[in-house]
Amino acid sequence: MAAQRRNLMQSHQSWTDDLPLCQMCGLGSAPNCVYGPDGKGTQSHPNEDEHLRFRGEDGCFLYGVFNGYDSNRVASYVSQFLTAELLLGQLNSTHTDNDVRRLLTQAFSGVEKSFFKTIDDALAVKADLSNYLPTHNEGTGYHQLSPQGQKVQERLKELEQEVSGGATAVVALILNSKLYIANVGSNRALLCKSSSDGQNQVQQIGRPHNTENEDELQRLAALGVDPARVKQAGQIAGQTSTRTIGDYRVKLNYTDIDLLSGAKSQPIIAEPEIHRNQLDGVTGFLLLMSEGLISALESARGPEQANQEMVAMVAAELAQQSDLEAAAQAVVERVKRVHHDAYASGRQRASRCARHEDMTLLVRTLDYPPSDGLLTPTQGGRIYPVSVPYSNSQSTSKTSVTLSLVMPSQGTLTNGTNTASTVEEGTPTPGQSPTATLQSTNTQTQSSSSSSGDGSLFRQRGSQAAQPDETGRVPPYVDFSQFYRLWGSDHTDTQSTLGPQ
């Protein structure tokens, strides 16, 4: 059986290729990137993210985003075999919540155990070869070893590449109009619920399992691990996650790791944290994001508004186009652009944006009204982002939020109503800010927040309003730089003169 699993992993085909894909979701992705001094990006390693999105029987849907590290071996394995643990008749509409939770937990555990069986032989050979090298030669340089010792060292490196690596996972299961989120690690799930009055309530489901999670530190402390040392180190064996799938170093050899050596039992676990949400009557969408995607946005903009900004981006793209795959990819591209621009700006957050990891976004609509591909909900046309500074009345910190600027395809849009325009295709007059409707604003209250278009963010400006200078102008409040870039790329040279005058 272990040999069959190895053969499947090494092949380019998967038995899951024959499973029906869910047509109510879209996927966007981008590989990792490191920026050079000239601002150009290069990929530093092969993409390690994986995903799944299948439609099972009896109204069951299964989705997942997997963030691999030290190769995509584990992520690829989990994306294939987790499906086998859940969609081969194990789940049906008669199961209770406790049944579903039990099956999800067993699936994660079973997949990890089966993965370790695929590397049993390589680990045994690695242990034998390690014993071949005398203890006093551990610190000896490669060229100081005997020819036979050099061969052993080379083989040990090859074996380490075969067995190393792990993955984190966020999995969504929809069954009986209920949403189950099973999370291991630092990927993220967001549930956006839209109401009839235009409000978007954003809920982050679960918290990341990392060295900053107090619940996780308490769990480790109960096992005999010093939580203060873990928190200070910030990483365990090079990873911030306290729950992973695979990674034999922290699962099988954790006593050899200084931070974990005092643990009474396995401290880094693959047990998922499971949350349930009722979906009856819910209109909106579900987002599953790899750690690389959300980290890129948080590095560029700060963590305070990352969830709301991500939802605003997705809502804007869904309003613009009916192709879910294109919408999800467009959001990933926008995050890439935001991250790169933060690095190129040379400002405060530039140092945090020198690189980003692989990014994956899965968007699953929930009774969400499809776009006609031409018009937005406010009868506008192309959506362009603008950045507006925002200061919470209960905080002294300042940030900015990305709003959607709607450019009408025909006519000028004023207060949500199209009127005739003498400017062809709604081209803004050079030197003037284009007429537009703000499609989304963002406010945040801990884990749940609302997004609306009523302009409430700007009602408390009051005495803070900027005063005109001697020319009668005031400093710009809204940053249209990203709008101008996109407008210039979308239109001909005759129209690309748009910009600040």
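The values are calculated or read from the model by the stated rules, or taken from the named source; none is laboratory data. These figures come from a predicted structure and were not determined experimentally. Counting neighbours? That spans all protein chains shown, and the Cβs are built from the backbone with ideal geometry, glycine included. These area figures cover heavy atoms from the full protein model, side chains too; ligands, DNA and RNA do not enter into them. Shrake-Rupley method; radii C 1.70, N 1.55, O 1.52, S 1.80 Å.
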Legend entry - Tally, over region 220-250, of residues that are over 25 Å from the mean Cα position of the chain (by Cα), surrounded by fewer than 18 Cβ atoms within 10 Å (Cβ to Cβ) and not small (Gly, Ala, Ser): 5
Inset, instruction - Return yes when residue 295 is in contact with a strand residue (DSSP E or B) (Cβ under 9 Å, 6 or more places away or on another chain) and open to solvent by less than 20 Å² (accessible area, probe 1.4 Å) and no when it is not. - result: no
Inset, instruction - Might you check whether a residue that is modelled with pLDDT of 95 or more, hydrophobic (A, V, I, L, M, F, W, C) and either under 27 Å from residue 94 (Cα atoms) or assigned to a strand (DSSP E or B) (or both) occurs anywhere in region 208-218? - result: no
Legend entry - Residue in region 317-334 that is of a type in the set (Lys, Arg), touching a residue at least 12 places away in the same chain (Cβ under 8 Å), crowded, with 21+ Cβ neighbours inside 10 Å and assigned to a helix (DSSP H, G or I) present: yes
Inset, instruction - Determine which single condition residue 306 fails, assuming it passes every other condition in (1) at pLDDT 95 or above; (2) open to solvent by less than 10 Å² (accessible area, probe 1.4 Å); (3) in contact with a helix residue (DSSP H, G or I) (Cβ under 6 Å, 6 or more places away or on another chain). - result: (1)
Inset, instruction - Output the number of the condition that residue 202 fails; it satisfies all remaining conditions of (1) over 23 Å from residue 78 (Cβ atoms); (2) in contact with a Pro (Cβ under 6 Å, 6 or more places away or on another chain); (3) open to solvent by less than 40 Å² (accessible area, probe 1.4 Å). - result: (2)
Legend entry - Qualifying residues in region 40-57 (those that are assigned to a loop (DSSP other than H, G, I, E, B) and in contact (Cβ under 8 Å) with a residue 60 or more places away in the chain) - the one nearest to residue 160 (Cα to Cα): 48
Legend entry - Leading residue by the ranking (surrounded by the fewest Cβ atoms within 10 Å (Cβ to Cβ)) among those in region 62-101 that are assigned to a helix (DSSP H, G or I) and hydrophobic (A, V, I, L, M, F, W, C): 84
Legend entry - Count of region 260-273 residues which are modelled with pLDDT of 95 or more, surrounded by 13 or more Cβ atoms within 10 Å (Cβ to Cβ) and out of contact with any Ser or Thr (no Cβ under 7 Å at 6 or more places or on another chain): 6
Inset, instruction - Residue by residue through region 66-94, note down the ones that are in contact with a helix residue (DSSP H, G or I) (Cβ under 6 Å, 6 or more places away or on another chain) and among the aromatic types (Phe, Trp, Tyr). - result: 66, 77, 81
Inset, instruction - Inspect region 37-49 for any residue being at pLDDT 95 or above, out of contact with any helix residue (DSSP H, G or I) (no Cβ under 7 Å at 6 or more places or on another chain), open to solvent by 50 Å² or more (accessible area, probe 1.4 Å) and over 24 Å from residue 186 (Cα atoms) and give the result as yes or no. - result: yes
Inset, instruction - Return the total of residues in region 249-273 being in contact with a helix residue (DSSP H, G or I) (Cβ under 7 Å, 6 or more places away or on another chain) and part of a loop (DSSP other than H, G, I, E, B). - result: 9
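Yes/no per residue for (1) at positive phi; (2) part of a loop (DSSP other than H, G, I, E, B):
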position: 196; (1), (2): no, yes
position: 206; (1), (2): yes, yes
position: 275; (1), (2): no, no
position: 280; (1), (2): no, yes
position: 288; (1), (2): no, no
position: 293; (1), (2): no, no
position: 296; (1), (2): no, no
